[in-house]
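Colleague: Take this structure first; my questions come after.
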Amino acid sequence: MQPDLLGLEISKGELRRLTGFDPEDVFRPSVMKNREKRFGFIINELLVALALTPIIVGFIYAFIILPTIGSSIKLGIILLILVPLAVLVGRSLWRRFTCPQALTMLLDEVDQYHSVINAIDIHDQLATSDNSINDREQVISALQLIREDLVRALKTERILRDNKKLLANNQELFANNLANLQALQVSTQAGEYAQLLNQSLQIALDVQSEIKKLQKPRP
């Protein structure tokens, strides 16, 4: 991957710092629609459940079952079946009720943003001429502006989540680069870079829509 593309990526560590959440712990229905991500998500959840099961079962068996009922292999087996299921259900419910909808939508936009970066990287590897260098630079410029908007939106969501009173005194949080993005053009509107630029613009529009929702007073 070219250095300019590497500099555009928003790492998981940066997302964790901006949002206060581990991106992997945020429940997002969009992840379940992607086969590869869905498989990874399910495997991760199973591993977590299996890792926690011995600890929880051991605690229940040692401090509840043994003092009250005594040794029971049957109850031990039942616990080994029920506890991982309870962990899976509990983690699912925890995600649904603790992760704000605005955050899940913005993280989806981050995924779309990274998909454009990956598309450019693939195009770079296949490119055989320099005829579209200017078009590429235009899309890179668009992504730079979108990155600023995404970072700003994620910061805004977290600030308002932690302290809604900051809304009135920090209107600069709701600034965006949409006008600058709309001014960018590529030489061939039917080319791949034109499609990527349009995709980038759609991401910017979606981010602006989420920011407008954050501006609305909450009950």
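Colleague: Determine which member of the set L15, L103, L80 is part of a helix (DSSP H, G or I) and more than 26 Å from K155 (Cβ to Cβ).
Modeller: Details: L15 fails: more than 26 Å from K155 (Cβ to Cβ); L103 fails: more than 26 Å from K155 (Cβ to Cβ).
Just one listed residue meets the conditions, L80.
Colleague: Out of curiosity, is I81 over 37 Å from the mean Cα position of the chain (by Cα), of a type in the set (A, V, I, L, M) and either modelled with pLDDT of 95 or more or surrounded by fewer than 16 Cβ atoms within 10 Å (Cβ to Cβ) (or both)? Give the steps one after another, and end with the answer.
Modeller: On the way: over 37 Å from the mean Cα position of the chain (by Cα): no; of a type in the set (A, V, I, L, M): yes; either modelled with pLDDT of 95 or more or surrounded by fewer than 16 Cβ atoms within 10 Å (Cβ to Cβ) (or both): yes.
No.
Colleague: I've got another one for you. Would a scan of region 53-66 turn up a residue that is aliphatic (A, V, I, L, M), assigned to a helix (DSSP H, G or I) and within 23 Å of the chain's Cα centre (by Cα)? Spell out how you get there, then give the answer.
Modeller: So the first thing to find is which residues in region 53-66 are aliphatic (A, V, I, L, M), and the list is 55-57, 60, 62, 64-66.
Next cut, assigned to a helix (DSSP H, G or I) only: 55-57, 60, 62, 64-66.
In the following step, the residues that additionally are within 23 Å of the chain's Cα centre (by Cα) were identified as none.
No, region 53-66 contains no residue that is aliphatic (A, V, I, L, M), assigned to a helix (DSSP H, G or I) and within 23 Å of the chain's Cα centre (by Cα).
Colleague: Based on what the data block shows, is I10 hydrophobic (A, V, I, L, M, F, W, C) and within 24 Å of A119 (Cβ to Cβ)? If you could, list the steps in order and put the result at the bottom.
Modeller: Working: hydrophobic (A, V, I, L, M, F, W, C): yes; within 24 Å of A119 (Cβ to Cβ): yes.
When the stated conditions are applied, I10 passes them.
Colleague: Hey, does region 68-79 have a residue that's within 30 Å of L8 (Cα to Cα) and either among the β-branched types (V, I, T) or in contact with a Phe, Trp or Tyr (Cβ under 8 Å, 6 or more places away or on another chain) (or both)?
Modeller: First, pick out the residues of region 68-79 that are within 30 Å of L8 (Cα to Cα): none.
Within region 68-79 (the criterion being within 30 Å of L8 (Cα to Cα) and either among the β-branched types (V, I, T) or in contact with a Phe, Trp or Tyr (Cβ under 8 Å, 6 or more places away or on another chain) (or both)), the answer is no, since none of the residues qualifies.
Colleague: Same structure again: Could you tell me whether T68 is open to solvent by 90 Å² or more (accessible area, probe 1.4 Å) and of a type in the set (S, T, Y)?
Modeller: Taking the combined requirement at face value, the residue satisfies it.
The values are calculated or read from the model by the stated rules, or taken from the named source; none is laboratory data. Since the model is a prediction, treat every value here as computed from it, not as a measurement. Positions of Cβ are generated from backbone atoms using ideal geometry, with glycine treated the same way; all protein chains shown enter the neighbour counts. Ligands, DNA and RNA are excluded from the accessible area calculation, which covers all protein heavy atoms including side chains. Shrake-Rupley method; radii C 1.70, N 1.55, O 1.52, S 1.80 Å.
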